[in-house]
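Participant: Dropping a structure here in structure tokens format, bear with me for questions.
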Amino acid sequence: MPQSLPAVSASDLIPDLCQVRAVMWLILFSEALVVVLILLSNGGLNFSWEGFGTLSFYVQWVVLLSAACLCRVRLHVGLLNLNQLLLLSLCIILMVNFLVSLLAMWGLNYFLFSDYGWDWLIRNQFIAAILASLLLHYFYVQLQNRLRARSEVQARLQALQSRIRPHFLFNSMNIIASLIHVDPDKAERAVEDLSELFRASLKEAGVEVTLQQELELCEKYIHIETLRLNERLQVKWKIEAPLDVKIPMLTLQPLIENAIYHGIQPCLTGGIIEVAISHLFNRVNIMVSNPIPKQALSERNEKGNQMALENIRHRLNVLYGEDVKMDTRVKEQQFIMQINYPYALPNNNKGQDAVGKST
């Protein structure tokens with residue numbers, strides 16, 4: 001029995017055998033197995049349809065009852081280690097096979113006057129044990145592959161998220177230092193906001209939060225930047241999505257940071273950042289626009305801009321696959337960043353009104 005994997009749930013090891021598609025695959029696989037057994041026993045020229053029907057009836061009962069039992073186990077067994085899950089699954093399959101074989105042996109002997117004894121039942125148990133072991137080994141290999149892929153995705157997400165460290169750290173600390181003697185209350189709030197931002201950046205990668213939580217994080221970031229840029233920084237919000245829509249943590253904040261760093265900071269007169277978020281047809285749409293400075297951006301800033309956007313793109317692709325749409329464009333002296341990714345609201349939230357917000 002494998003020893004290297006940690007405790008996992010039954011749903012990790014056993015696929016959902018309650019689904020119609022899974023049941024259909026089990027039926028097709030078992031019928032193919034019956035055909036192979038008949039061909040091995042009788043040969044291709046002496047194919048026995050009677051034997052095929054009898055064996056098919058027996059195998060389908062074993063397969064479907066075992067699938068039903070494993071389906072229930074998957075829902076109620078809770079957390080077990082891998083050895084216990086494999087042993088429990090094997091015992092369930094062998095128990096089902098034993099009961100069906102016992103019933104089949106009695107029926108064949110009573111109604112068809114056949115001579116099936118305990119040696120036939122023991123042989124069935126050996127065959128069932130071999131096939132069940134192969135099946136569980138396949139489930140185990142699939143579990144290993146899923147855990148390995150999950151670890152790789154988590155490591156990739158962590159590497160990408162680790163790059164989201166706000167460059168405004170030193171500016172924020174200088175602002176806080178200057179406010180300590182002038183306005184201690186503002187300095188204290190700035191410290192609290194900064195700590196919340198870094199606490200979020202250090203959380204586990206790939207965590208989804210509600211839109212409301214992400215907006216609150218963005219407001220803390222904007223408050224810190226307002227202390228530095230004053231009236232030069234203005235943000236207009238247009239929120240037309242339920243506030244409980246899920247969004248990957250630190251998705252919106254880096255977009256606003258990018259807009260401030262490349263759009264507002266280089267402008268002596270500042271500008272307005274517009275943020276629009278909507279949810280339509282089970283997709284979340286995020287749009288952030290900022291003014292383009294009249295003076296040309298340096299090659300370094302252009303490169304930093306693209307690196308930030310590519311980082312966000314990679315994080316979203318890891319979480320949502322290739323169904324993520326991300327687009328940048330320039331329109332009327334505005335740099336527009338747009339993200340669109342799939343998210344279906346729970347049934348009880350589909351009727352929730354959109355929330356409007358403007359500052």
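Nothing in this text is a laboratory measurement; each read-out follows from the coordinates by a stated rule. Everything numeric in this text was worked out from a predicted model, so none of it was measured. Here Cβ is always computed from backbone atoms with ideal geometry, including for glycine, and neighbour counts include all displayed protein chains.
Participant: What are the residues whose amide H is under 5 Å from the amide H of TYR343, where those residues sit 5 or more places off or on another chain and H is modelled from the backbone?
Facilitator: So TYR343 has HN proximity to ARG283, VAL284.
Participant: Please give the FRET efficiency for ALA177 paired with ARG146, using the beta carbon to beta carbon distance and R0 = 41 Å, rounded to the nearest 0.05.
Facilitator: Numbers: r = 49 Å, r/R0 = 1.20.
The calculated FRET efficiency here is 0.25.
Participant: Farthest toward the dipole's positive end in the stretch 169-349, which of TYR261, HIS181, ASN230, given Cβ charges of +1 (Lys, Arg) and -1 (Asp, Glu) about the Cα centre?
Facilitator: TYR261
Participant: Taking a label point 7 Å from the Cα of HIS223 along the Cα→Cβ vector, which residues of the stretch 230-251 have an amide N closer than 20 Å to it?
Facilitator: What the label zone holds, given the 20 Å backbone N cut-off, is 230-238, 250-251.
Participant: Okay, next question. Work out, step by step, the length gained on full extension between LEU33 and GLN125: first 0.36 nm times the residue separation, then minus their alpha carbon distance; give nm to one decimal.
Facilitator: Details: separation 92, 0.36 × 92 = 33.12 nm, distance 1.60 nm.
Answer, rounded to one decimal: 31.5 nm.
Participant: Roughly how far apart, in whole Å, are the Cα centres of the stretch 50-72 and the stretch 219-277?
Facilitator: So the separation of the two Cα centres works out to 61 Å.
Participant: From the backbone phi of the stretch 257-268, what are the Karplus-calculated ³J(HN,Hα) couplings (6.51 cos²θ - 1.76 cosθ + 1.60, θ = phi - 60°) in whole Hz, Gly and Pro given as x?
Facilitator: With coefficients 6.51, -1.76 and 1.60, one gets 4, 4, 5, 5, 5, 9, x, 8, 4, x, 8, 5 Hz.
Participant: What distance in nm separates the simple spin-label points at THR210 and LEU90, each placed 7 Å from Cα in the Cβ direction?
Facilitator: Going by the 7 Å Cα→Cβ label model, 4.7 nm.
Participant: On a full-extension model of 0.36 nm per residue, what is the gain between ALA68 and LYS236, subtracting their alpha-carbon distance, rounded to one decimal in nm?
Facilitator: On the way: separation 168, 0.36 × 168 = 60.48 nm, distance 5.51 nm.
Length gained between ALA68 and LYS236: 55.0 nm.
Participant: Across the stretch 169-349, what fraction of all alpha-carbon pairs, as a whole percent, falls in each successive 5 Å bin from zero upward?
Facilitator: Distribution as computed: 1, 7, 16, 19, 20, 17, 11, 6, 2, 1, 0 percent.
Participant: So, one more: Hey, what do the phi angles of the stretch 312-319 turn into as Karplus ³J(HN,Hα) couplings, whole Hz, using 6.51/-1.76/1.60 and θ = phi - 60°, x for Gly and Pro?
Facilitator: Taking θ as phi minus 60°, the curve returns 5, 4, 5, 4, 5, 5, 5, 7 Hz for the stretch 312-319.
Participant: Would you mind ranking VAL141, VAL35, VAL63 so that the residue whose beta carbon has the fewest other beta carbons within 10 Å leads the list? Intermediate results must be reported in sequence, preceding the final value.
Facilitator: Values: VAL141 10, VAL35 14, VAL63 23.
Listing VAL141, VAL35, VAL63 from fewest to most nearby Cβ atoms yields VAL141, VAL35, VAL63.
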